[in-house]
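So the structure is just underneath, and the comments pick up after that.
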Amino acid sequence: MQAALPHFRKQKGGRMLITSSVTGPTVAMPGTAHYAASKGGLNGFIRTAALEYGRENITVNGVEPGYILTPAMSALGDEDELRQMERYIPNGKLGRPSDIANAMLYLASDEAGYVTGQTLIVDGGSTLPESPVMLDQFYKT
């Protein structure tokens, strides 16, 4: 952001986009306290920076990805285990990197010019269920 600010100021505005995560600000996962804390901090940064730079026509927003098919997903399991995870995602599938890119494109567009200090959750609905067990039972009926 420090490197971009002089350019944004010169052109009298800009869009700052930050990748956060649902892990931390929205949900928790055992063994990821350090990661969750950093993403929660990023969301606070997004809101504060939006306040600080809004009068300069600079918007600051973020995207909170859920389970996205990237090489990092292999740390959560093999292909069969990832397919099992899909059972608990209301959209029934893991996300693609293009799902995140499209959300970022919106936030970078003129159409999002009045949106600042926000994060957009892109997770296929995986953070919606109160209980994955109940969701599983719902889909089995």
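If you go through the range 12-34 and pick out every residue that is of a type outside the set (Gly, Ala, Ser), surrounded by 13 or more Cβ atoms within 10 Å (Cβ to Cβ) and at pLDDT 95 or above, you end up with 6.
Taking first residues from the range 14-35 that are within 30 Å of Arg55 (Cβ to Cβ) and partners that are assigned to a loop (DSSP other than H, G, I, E, B) and of a type in the set (Asp, Glu), the Cβ contacts under 9 Å between residues at least 6 apart in sequence or on separate chains come to Thr26/Asp123.
So, of the residues in the range 35-52 that are under 18 Å from Met104 (Cα atoms) and of a type outside the set (A, V, I, L, M, F, W, C), which turns out to be surrounded by the most Cβ atoms within 10 Å (Cβ to Cβ)? First the steps, then the outcome.
Step one: of the range 35-52, the residues under 18 Å from Met104 (Cα atoms) are 39, 42-43, 45-47, 49-50.
Those still in the list that are of a type outside the set (A, V, I, L, M, F, W, C) too: 39, 43, 47.
On the way: Lys39: 22, Asn43: 20, Arg47: 16.
Checked the range 35-52; the qualifying residue surrounded by the most Cβ atoms within 10 Å (Cβ to Cβ) is Lys39.
For residues that are of a type in the set (S, T, N, Q) and in contact (Cβ under 8 Å) with a residue 12 or more places away in the chain, tally how many sit in the range 71-108.
Residues of the range 71-108 that are of a type in the set (S, T, N, Q), as a first pass: 74, 84, 91, 98, 102.
Adding the requirement that they be in contact (Cβ under 8 Å) with a residue 12 or more places away in the chain leaves 91.
Residues that pass the stated criteria total 1.
Scanning the range 38-60 for residues that are of a type in the set (A, V, I, L, M, F, W, C) and within 16 Å of Leu120 (Cα to Cα) returns Leu42, Phe45, Ile46, Ala50, Val60. Of the residues in the range 113-131, at least one is free of Cβ contacts under 8 Å to residues at least 12 places away in the same chain and within 30 Å of Gly13 (Cα to Cα). Please verify whether Ile68 is within 14 Å of the chain's Cα centre (by Cα) and touching a residue at least 60 places away in the same chain (Cβ under 8 Å), treating the condition exactly as stated. No.
From the list Arg55, Arg9, pick out the single residue that is of a type in the set (Lys, Arg), surrounded by 13 or more Cβ atoms within 10 Å (Cβ to Cβ), on the phi < 0 side of the Ramachandran plot and in a helix (DSSP H, G or I).
Numbers: Arg55 fails: surrounded by 13 or more Cβ atoms within 10 Å (Cβ to Cβ).
After applying the criteria, what remains is Arg9.
For the range 92-141, the set of residues classified as touching a Phe, Trp or Tyr at 6+ places or on another chain (Cβ under 8 Å) and part of a helix (DSSP H, G or I) consists of Ala112, Pro132, Leu135, Asp136, listed by residue number. Candidates Met16, Met73, Met85: the one that is under 22 Å from Ser131 (Cβ atoms) and either of a type in the set (A, V, I, L, M) or in contact with a strand residue (DSSP E or B) (Cβ under 7 Å, 6 or more places away or on another chain) (or both) is Met85.
The values are calculated or read from the model by the stated rules, or taken from the named source; none is laboratory data. Quantities reported herein were computed from a predicted structural model and do not represent experimental measurements. Don't worry about glycine lacking a Cβ; one is built from the backbone with ideal geometry, like all the others, and counts go over all protein chains shown.
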